[in-house]
Each structure stands twice: as C-alpha cells, then as structure tokens.
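Before any comments, here is the structure.
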Amino acid sequence: MGSSMEEKVVAVIMVGGPTKGTRFRPLSLNIPKPLFPIAGQPMVHHPISACKRIPNLAQIYLVGFYEEREFALYVSAISNELKVPVRYLREDKPHGSAGGLYHFRNLIMEDSPSHIFLLNCDVCCSFPLPEMLEAHRGYGGIGTLLVIKGSPESASQFGELVADPVTNELLHYTEKPETFVSDRINCGVYVFTPEIFNAIGDVSTQRKDRATLKRVSSFEALQPATRIPTDFVRLDQDILSPLAGKKQLYTYETMDFWEQIKSPGMSLRCSGLYLSQFRLTSPQLLASGDGTSIAIVIGDVYIHPSAKVHPTAKIGPNVSISANARVGPGVRLMSCIILDDVEIMENAVVTNAIVGWKSSIGRWSRVQAEGVYNTKLGVTILGDSVSVEDEVVVTSSIVLPNKTLNVSVQDEIIL
Amino acid sequence: MKALILVGGFGTRLRPLTLSFPKPLVDFANKPMILHQIEALKAVGVDEVVLAINYQPEVMLNFLKDFETKLEIKITCSQETEPLGTAGPLALARDKLVDGSGEPFFVLNSDVISEYPLKEMLEFHKTHGGEASIMVTKVDEPSKYGVVVMEESTGKVEKFVEKPKLYVGNKINAGIYLLNPSVLDKIELRPTSIEKETFPKIAAAQGLYAMVLPGFWMDIGQPRDYITGLRLYLDSLRKKSPAKLTSGPHIVGNVLVDETAKIGEGCLIGPDVAIGPGCIVESGVRLSRCTVMRGVRIKKHACISSSIIGWHSTVGQWARIENMTILGEDVHVSDEIYSNGGVVLPHKEIKTNILKPEIVM
C-alpha cells in the first residue's frame, strides 16, 4: 500500500459528562448519553466503528467527565469486538474542547501518530474519515475540518465558516454568529497533525503571560470577573478563529447527512438516518419480513436477534427494537425506538416515541406524538419501567421512570 | 421491642427531590424523614427497626449505619423483590419482627409526620387487650380517603369504608399501627392490602381498636403537603420544645435554623421556615413558608416563599421564588430571576424567568 509503519493514526472522541447533558433528559437520567442506543447500538459506537475504517488506526480514546465505571464494561466489550484498543480517559476538570485534547497529549502521542482525529460523540453523520485523511495529507496544513452545507437556520454548536472554493482553505470562522455568515457549517469532526498541540500550548502560555501582567488596562479591568483558567482552551474561539486564513487549516466537505443528537427527539431522527445508511453499507443488519412466519417489515428496521416479534405485527419504517423486547400480536410500530426488555401487548400502536427499558405498553393502548424532532414534546418519551395500561393514549408527553399511566395524557411532563 | 417502617417505592410524587435521594432520606425540618420516625421509636423503647423497601437499598444502608451508631438502635432492611402492598412486607419481615417475647411491634408508614404519641398507644393497646391497635386522625374531607368506622367510647373498629359517598365518619387511617405477633399469622406472603384484607378480618373478630391521634398529622409524600406539614411540625415544636426554634429581631413566627447555618444582616425570616446545615443566607433576604436544604446559598435581597430549595443550590441576588417552586439538587438560579412554581430537575441553571408553573428538565 505504501504507507510506512510510522504513519499511525489515533482517534479521540469527546463524550461529555453528566452535568453538561441535561438536554438529553429524561433518557440520560439512568444512562450516560453516549451509551444511549441509536439504530441498535450505543451512540458512541457509530463514530467508533467509523474510526475502524481508518488505515493504521492504533488507538481510540474516549475523553469525558463521566465516572470511569460507567464506561468500563462498554470499553472492554467494544475493544474485543472491533479488535481495536479503546480506552476511556476521565477529565478531572473542564479544559475546554481543545484543552481536553491537550491535557492528554502525552498519552495520545505515545504511539507517535502522524495524525490525530478529533470527533464529537453526539454528531450523527457518515464519518468519511479515510477520505478526510487523504484530503488532509494533500492540503499539508495542521488541521482539516469536516464541513457541510447547511441551512442558515440550523443552529450549529460548532460554528459557521468560509472556505476557499479552490484551495479549500479555512478563511474565516465564527462560532454561533447572530447574523448570517455563510452556509457552511463545522460538523465537529477534525483531523490534525501533532503540531496542533503546539498551537494549543501557545494559547495556554499567552493566557498565563497575560495573567501575570501587573499593569491592567482600564478596559480589561471592566471585563467580567470570571477569568478563564490558563489551561482552558476552546477549539472554536481559541484555535479555529485565530488560525483561519493563515494557510494552516483546511476543509473537507461531506455531501451526506449530518445532524447533532442534542435532544431525545433527535436520537429518533438519527436512528433513522443510520438505519438508512445500513441499507447501503450493511443491509444484513436490517430486518425483513412479509407477515407469513415473520412480522411485516416496512422500510428500515433493526430488530435485535433476541427480541420476539409476533408474525401478525407490522413494523416500520424507522423502528429499532433492542434486546429481549417482546412485541405482541397485531401491534403497529412506526418511527420509534423500543429499548431492552420492553413488552408491547396485543394491538397496541406506538409512533414517534421512545419506549424506555423494561416498560410495558398495554393492549390497545396508543403511544404517539407528532414527530417534530427538535421540540420538547415532539417525540413521546417513556423512561425506564413505565407502565401504560390497556387502552390508554399517551400523546406528546414525557414520562419519567417508574410511573404507571392508567389515564390518558396529552402534552404533559409526568415526574 | 421491634418496629417495621413501610418505606416502599420510588417516591415519584416527591420528584425532583427523590431523583437525588431515596424518599426516606429527603430532609424534613432539617432531618432525614425517616430519622423522625426512628427517633420516636427509640424513645418508646424499640431496639430494632426493620425498613421494608423495594428501591435503592445501597444508598439507604450507608446512611443507616450512621444512624445506628448515633442512636444506638439496630436498623435492618427487608427488601421486596416484587411490590407486596401494605401488608405483604410484614410477612416478609416476619423473622425479624417475632422474637418469641410475645411483645407487640409497631408498624409505621414512612410518609407520615406526626407527634408520634407511641407511649400512649402502648398503654391503649395493653388496656383494650385486642390483637391490633391503629391510630386514626380526623380530617375535613373523609371521602378522599378510607374511613375507619369505630365505636367512639371504646375505640373498637367496626369496619373500613373506602372513599365513602355518604358520611360514615371523619376518622381515617393515620398509618401507625401496633400489632401483636399473632397478626402475622393472618398475612400471606403475597401482594396484600392491610386495610382491605388484614384489618377487616381482625375487626370482624372484634380484635381491632382505634385511637384518635392527638396533635397534627400529615402525609408529606408530595411537595404541597410537605410545606403544610412543616408548618404543623414547627407549631408542635413551639409547644413542646420552643428552645429548638430560632428567635431574634429578624425572625417572624416559627423558624428552625441549623446551628451551622449563617444568616446575614437585614433579613426577615419566617413564618414556617427551615434552614438546613451549612446554608448561607446573605443580607437583605426574605424567606417565608419554605425549606432551604443543606448547603444552599441564598444571595442578597432575594425573596423566597412557599417553596423548597434543594441541596447545594444557589438563589441569585434579587431573585424571587414563589408559589410551590421546587428546586432539585444543585440548581443555580441567576440574579434577578423570577420563578412562579417552577419544578426544576437537579444540576440545572435557571437563567430565564419561569412565569407560570412548569417542569424544567
């Protein structure tokens, strides 16, 4: 192939932490968001398996604030399954999106990688990582960002940018601008050369120097009291914005899908996106059936091998059924995620909903919503062990774990 | 003597507080709810308390070890693997409750707060000689509950009527029982209701007597009743141990302040306020009818009424919190914010006003 033994690649996936992700409640009340199942696999599994396609991948690091024990089981299982070393590193305090990478630079550089990928766990896309790496090598900069053309309305956490249409150089970068800057959005997937650590280190040092200056200008004295600690480095404001236009950073555009999984409703949408991607990349993972000995399956559906689905049920499109779930006779499931050990009884209907672990859905009951993914009650969410009794209708509502619904509810949050 | 406290389930009505701690460990008047009951039991001579639980035993057990040492009383857990109702747990804990001495044992419901006149109950039980005694309390709206129909002079119970449509009496089951060990022979190890199955059997055999609970009674399993319960509790404290309440120029009515809490200048605190350990109330703060839990900081000029502020939260300067606002653990309300009945889950920041009651996840 021609790539030398020294051209190792390391991938770092930022997974966040418990106090930051409150937008993902109630699903995140009992499970860390990165482990929530999307299209039948934990959320973080999708970027991890994408990393597996990178040639000469030496190591994957997951970096976050969760307790080590929350990831211990998953990390050892996935390392075995994919035959790639995956390790969870816990940040003791916030260092910012770039500071976190810098904090663990010694570990990351242990294998002397020539390139380092940085991904965000809650990004849903096709992760064209080998192609990005190839393009990056061609550009010769210290970093390449994955970008996508988006609508001006789509509020991106990762910022809007302007790229040179010929050289693909990153010319200008703004985080969450108030006025329209450009329709190119930063996807939150990056590849860097080890020089990025110098760039981050410089920001740290500059901050330290400024902090020790005794004479403070009257303007600076008016700045808000909370000064940023010297080792807190944000990728957007501190690295991408200043380095734009200096022939250091480049862009690679993806024409496939891209979404951020910020709210529970979005996890349903992204589950659908990944399921339709499976149709192209791994169709054997999807279910099929015509109602004779197996249930009727429409569109993209994932059914875990241990789940039991009655042949008279009709499933799909966009349905994901997890381990040991039981779907009874005459059940209709559309656009939903059914988690482990759920029991759905005869003739129930579930649409635009996420049904939490061990919940039970009664006979002829209906769990539904309008399917507007980014509004608070656009997708009905049932937490763990929620029991919906026979014939009850649950519409556009969120139900916290361990509740029993024996009357119909609509547009409600039930604690 | 032994006792069983029915702790039961998930405490979902007391969310968001019970998202951080199991219900028995949620503080009431600056003490974990269950400690009020354990102390009352210890005072009447109980040497072992069994907690009937079906949720989070690990979290409970750690705290219980603490109480065991401090109070010199034995505390054990009896864990239901399936919900056993209100009588089943007694059968499950049978071996712990029967020690061969023939002494009766207490059964308490963990959601109830009252003066716990357990000594009087013991005397009442010995006097009538029946198999079981229950405390009843007078309520204004008996149809909301199960009414206990009894002979007024002796207290002998005739029957239980669930949510009666016509008036049959105004005494309801207060959730405090004193039972002879023979009662356990009448309870099977399966989901059973003590009111619907066990007590009617004993009443039919003329063995069940009811005593009217002197003093206050409240089921504090939900926020509104928790706040009312605090008023009743502090009222009672004023009569029995007024030294425990705080007084001073900045105090109005009944106020309980932990000795490790700090209150600034120019505040007006009360009536019916409880301020927990390690709290810091800065100057110019107005607090009324509220509970401030451990480690909370209330910043200057804030005004809080009819609300519960969860552990380690902060309330910003000039903030106004009222009308059944419940802040979970570690909630931070920014300066100048207004909350009208916001119910906020743990680990949130409130940076915008909550104009009408809503749940903030």
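The values are calculated or read from the model by the stated rules, or taken from the named source; none is laboratory data. Please read all numbers here as calculations on a predicted model, not as lab measurements. No Cβ is skipped: glycine too gets one built from the backbone with ideal geometry, and neighbour counts run over all protein chains shown.
Numbers at a glance
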read-out	value
First in the range A:257-280 and without any contact (Cβ under 8 Å) to a residue 24 or more places away in the chain, second anywhere and surrounded by fewer than 21 Cβ atoms within 10 Å (Cβ to Cβ), Cβ under 8 Å, 6 or more apart	A:Arg279/A:Leu286
Within the range B:269-361, strands (runs of 3 or more DSSP E) holding 3 or more residues that are away from chain A (no Cβ under 14 Å)	B:273-275, B:286-288, B:303-305, B:320-322, B:338-340
Filter result for the condition that a residue is farther than 24 Å from B:Met218 by Cα, in contact with a Phe, Trp or Tyr (Cβ under 7 Å, 6 or more places away or on another chain) and buried (at least 16 other Cβ atoms within 10 Å of the Cβ), over B:Leu97, B:Leu92	B:Leu97
Residue in the range A:335-350 that is β-branched (Val, Ile, Thr), over 26 Å from the mean Cα position of the chain (by Cα), at pLDDT below 95 and not in a strand (DSSP E or B) present	no
Any hit, the range B:255-271, residues being in contact with a Leu (Cβ under 6 Å, 6 or more places away or on another chain) and not aliphatic (A, V, I, L, M)	no
Failed item in (1) of a type outside the set (D, E, K, R); (2) more than 14 Å from chain B (Cβ to nearest Cβ); (3) in a helix (DSSP H, G or I), with A:Ser28 passing the rest	(2)
Selected residue (only one of B:Ile202, B:Ile220, B:Ile176 is β-branched (Val, Ile, Thr), touching a residue at least 60 places away in the same chain (Cβ under 8 Å) and within 30 Å of B:Ser305 (Cβ to Cβ))	B:Ile220
Positions within the range B:1-57 being in a strand (DSSP E or B) and either in contact (Cβ under 8 Å) with a residue 60 or more places away in the chain or of a type in the set (Lys, Arg) (or both), in sequence order	B:Lys2, B:Ala3, B:Leu4, B:Ile5, B:Leu6, B:Val7, B:Gly8, B:Asp27, B:Phe28, B:Lys31
Among residues of the range B:10-28, those that are out of contact with any helix residue (DSSP H, G or I) (no Cβ under 6 Å at 6 or more places or on another chain) and at positive phi, counted	0
A:Ile361 being away from every other protein chain (no Cβ under 13 Å), within 24 Å of A:Ile38 (Cα to Cα) and surrounded by 21 or more Cβ atoms within 10 Å (Cβ to Cβ)	yes
Candidate set: the range A:24-54, residues that are over 13 Å from the mean Cα position of the chain (by Cα) and basic (Lys, Arg); chosen: the one farthest from A:Ile338 (Cα to Cα)	A:Arg53
Breaking point among (1) among the β-branched types (Val, Ile, Thr); (2) under 25 Å from the mean Cα position of the chain (by Cα); (3) within 14 Å of chain B (Cβ to nearest Cβ), for A:Ile414	(2)
Flag for A:Leu377 being buried (at least 19 other Cβ atoms within 10 Å of the Cβ) and either farther than 23 Å from A:Thr312 by Cβ or of a type in the set (Asp, Glu) (or both)	no
Check on B:Glu120, out of contact with any helix residue (DSSP H, G or I) (no Cβ under 9 Å at 6 or more places or on another chain), among the acidic types (Asp, Glu) and closer than 11 Å to B:Tyr209 by Cα	no
Out of A:Leu62, A:Leu27, A:Leu73, A:Leu89, sole residue that is surrounded by fewer than 21 Cβ atoms within 10 Å (Cβ to Cβ) and touching a residue at least 12 places away in the same chain (Cβ under 8 Å)	A:Leu89
Residue in the range A:34-57 that is more than 14 Å from chain B (Cβ to nearest Cβ) and at pLDDT below 90 present	no
Criterion: farther than 22 Å from B:Leu14 by Cβ and more than 19 Å from the chain's Cα centre (by Cα) - qualifying residue of B:Glu336, B:Glu322	B:Glu336
Flag if A:Lys262 is touching a Phe, Trp or Tyr at 6+ places or on another chain (Cβ under 8 Å), surrounded by fewer than 19 Cβ atoms within 10 Å (Cβ to Cβ) and either under 29 Å from A:Ile148 (Cβ atoms) or at pLDDT below 90 (or both)	yes
Residue within the range A:355-367 that is out of contact with any strand residue (DSSP E or B) (no Cβ under 9 Å at 6 or more places or on another chain) and either over 21 Å from A:Asn318 (Cβ atoms) or of a type in the set (Phe, Trp, Tyr) (or both) present	yes
Selection status of A:Val372, among the aliphatic types (A, V, I, L, M), closer than 12 Å to A:Gly265 by Cα and more than 12 Å from chain B (Cβ to nearest Cβ)	yes
3 or more residues out of contact with any His (no Cβ under 9 Å at 6 or more places or on another chain): qualifying strands (runs of 3 or more DSSP E) within the range B:81-178	B:105-109, B:132-138, B:146-150, B:157-162
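To keep it simple, each residue is scored yes or no on (1) of a type outside the set (Val, Ile, Thr); (2) touching a Lys or Arg at 6+ places or on another chain (Cβ under 9 Å).
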position	(1), (2)
B:Asp219	yes, no
B:Arg231	yes, yes
B:Lys239	yes, no
B:Pro242	yes, no
B:Ser247	yes, no
B:Leu256	yes, yes
B:Glu259	yes, no
B:Pro271	yes, yes
B:Ile275	no, no
